[in-house]
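In what follows, a single structure is set out as structure tokens and then discussed.
The values are calculated or read from the model by the stated rules, or taken from the named source; none is laboratory data. If you're wondering where the values come from, they're calculated on a predicted model, not measured in any experiment. So basically every Cβ, Gly included, is an ideal-geometry build from the backbone, and we count neighbours across all protein chains shown.
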Amino acid sequence: MKPVIALVGRPNVGKSTLFNRLTRTRDAIVADFPGLTRDRQYGDGRLGDRPYTVVDTGGIGESEEGIDRPMTDQALQAVGEADVVLFLVDGRAGLTAADEQVASELRKLPKPVYLAVNKTDGLDPDTALADFYGLGLTELFPIAAAHGRGVRGMITEVLKAFPEADEDDGEPADPDTVRVAVLGRPNVGKSTLINRILGEERVVVFDQAGTTRDTIEVPFVRQDRNGDGERNYVLIDTAGIRRRGKVHETIEKFSVIKALQAVDAAQVVMVVIDARDGITDQDLHLLGYVLETGRALVIAVNKWDGLEADHRQWVKRELERRLHFAPWVKVHFISALHGTGVGDLFGFIERAWDSAFIKLGSNALTRMLQDITHSHPPPRAGRFRAKLRYAHLGGSNPPTVVIHGNRTESLPNSYQRYLENKFRELLKIEGSPIRLELKSGD
Ligand code: GDP
Ligand code: GDP
């Protein structure tokens, strides 16, 4: 599991600057999703081959005087779920009362807390740190997030506490097992849906459900959509199955960290939405994170039973309006309670998985490229015209088409979208994003 690092600190100490530095995307899979990831609070990063997740907890009292509860519920929840806390202070402003209050809360935590003294550019590091020894935290790092100074060394220290990911850890990953995560806000019907799926006749559930940190993994076998074979599945359940006769149900807090870990562990993500609420901002945020990872995606709009025709129209319009930037995403309407549409979901999951792991030789893909460019050649850019020569499949989940040519950097976005749409159509990619990589030989 990737360690989760929570950033805590007063406004203006440099949390977003550090967040951006720690999560700078090396290979953005998909373009920006307007309105989805604007205020990102969660992001993945990597130091060498060590991945981690960063959470900007935001939410510490604005005023510096007389704060009774320096940390908001949201910040406390994020800190509670994190593996380590990075407490950021401003080396130029010096120690404040709010810093002291936050530090005294953080010292009580049964997890490592590191103190990052930021904005030490142009300051003598020892002098900058001296102010903060009184906070009672032992791990102090002078950094300059804006310039990156000291950041790498600090993260190296932070990650030392966690074992390196062991390739042989756990059971060997079976390449043919379809790993599906079921995600959604509390109460949208995830547990009902999972129980419905596992109760189906075509499903044989195995008993040894493995648990990762916050989720339950249920292996099962199911006949595939043609009925002429079987497929192995693992269902990654973020709701925690309540079928084992649990009487008391606490109101579950929505945990983005838990959701992100499930996305990591999955190949296909099923996001469940409550038709009664339409598509909410929180749903969109969740979708934004899923889309960023490039995972195959199936959206299930649940509680479709007993709705007025007007309301159904409204939900459909809202979905169309708010998902217009990812037209390949398909939406399915179900009732987990009555079982309507639930069996069909597997057809879409299978297709999404098959799309995500499509295999095709370079010759066939290059022929496709030639047909696509022949019917509509790349436009001229100034005196030059990009030449696209050959293509190969560079990766799965999402399927990645690598195109080699000359002057590919001059291809306008509109032509890249054309290529993407054409490849999607010809490769019959459904329920999965597709990624293009352009390589220029000159
Ligand atoms: P946040 O409110 O904690 O998220 O803080 P921001 O990341 O928005 O940073 C607040 C201000 O501090 C911005 O103007 C940043 O440019 C500035 N800042 C952040 N890191 C550094 C740094 O390392 N050195 C200096 N001099 N300024 C910084
Ligand atoms: P979770 O928190 O996402 O796991 O949601 P639950 O499965 O616990 O469901 C929350 C509530 O929604 C329960 O009262 C369910 O009975 C109800 N519910 C779930 N699916 C449906 C559905 O398809 N139709 C209707 N009308 N109610 C549903």
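Computed values, structure above
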| read-out | value |
| --- | --- |
| Hits in segment 413-426 - residues which are surrounded by fewer than 18 Cβ atoms within 10 Å (Cβ to Cβ) and of a type in the set (D, E, K, R) | Arg417, Glu420, Lys422, Glu425 |
| Every residue from segment 112-127 that is of a type in the set (Asp, Glu) and in a loop (DSSP other than H, G, I, E, B) | Asp121, Asp124 |
| Test: residue in segment 324-333 that is more than 22 Å from the chain's Cα centre (by Cα) and among the small types (Gly, Ala, Ser) | no |
| The lone exception for Ser410 - which of (1) under 22 Å from Ser355 (Cβ atoms); (2) small (Gly, Ala, Ser); (3) buried (at least 16 other Cβ atoms within 10 Å of the Cβ) it fails | (1) |
| Condition check for Asp121: over 28 Å from the mean Cα position of the chain (by Cα) and surrounded by 13 or more Cβ atoms within 10 Å (Cβ to Cβ) | yes |
| Residue in segment 93-107 that is of a type in the set (Gly, Ala, Ser), touching a residue at least 60 places away in the same chain (Cβ under 8 Å) and under 19 Å from Met154 (Cα atoms) present | no |
| Cβ-Cβ under 6 Å pairs, at least 6 apart or on other chains, segment 13-25 side of a type in the set (S, T, N, Q), far side surrounded by fewer than 24 Cβ atoms within 10 Å (Cβ to Cβ) and at pLDDT 90 or above | Thr17/Ala146 |
| Any chance Val271 is touching a Leu at 6+ places or on another chain (Cβ under 9 Å) and away from ligand 2 (no atom under 15 Å from the Cβ) | no |
| Residue in segment 370-379 that is at pLDDT below 95, assigned to a loop (DSSP other than H, G, I, E, B) and either touching a strand residue (DSSP E or B) at 6+ places or on another chain (Cβ under 6 Å) or crowded, with 16+ Cβ neighbours inside 10 Å (or both) present | yes |
| Members of segment 132-151 found to be within 16 Å of Thr96 (Cα to Cα) and within 16 Å of ligand 1 (Cβ to nearest atom), listed by number | Phe132 |
| Selection from segment 288-337 of residues that are in a helix (DSSP H, G or I), hydrophobic (A, V, I, L, M, F, W, C) and within 16 Å of ligand 2 (Cβ to nearest atom) | Val315 |
| Verdict on Leu360 being among the aliphatic types (A, V, I, L, M), surrounded by fewer than 17 Cβ atoms within 10 Å (Cβ to Cβ) and within 30 Å of Arg312 (Cα to Cα) | no |
| Lone qualifier among Pro172, Pro142 - being over 30 Å from Gly341 (Cβ atoms) and modelled with pLDDT under 90 | Pro172 |
| Near pairs, Cβ below 6 angstrom, 6+ apart or cross-chain, from segment 184-196 (more than 16 Å from ligand 1 (Cβ to nearest atom)) to any residue that is among the acidic types (Asp, Glu) | Pro186/Glu252; Val188/Asp274; Ile194/Asp237 |
| Sole residue being within 16 Å of ligand 1 (Cβ to nearest atom) and modelled with pLDDT under 90, chosen from Pro125, Pro163 | Pro125 |
| Test for Ala130: is it closer than 23 Å to Gly94 by Cα, surrounded by fewer than 19 Cβ atoms within 10 Å (Cβ to Cβ) and either within 28 Å of the chain's Cα centre (by Cα) or among the polar types (S, T, N, Q) (or both) | no |
| Criterion: loosely packed, with under 15 Cβ neighbours inside 10 Å and at pLDDT 70 or above - qualifying residue of Asn20, Asn12 | Asn12 |
| Candidate set from segment 260-300 (those that are of a type in the set (Val, Ile, Thr) and more than 23 Å from Asp344 (Cα to Cα)); member that is surrounded by the most Cβ atoms within 10 Å (Cβ to Cβ) | Thr293 |
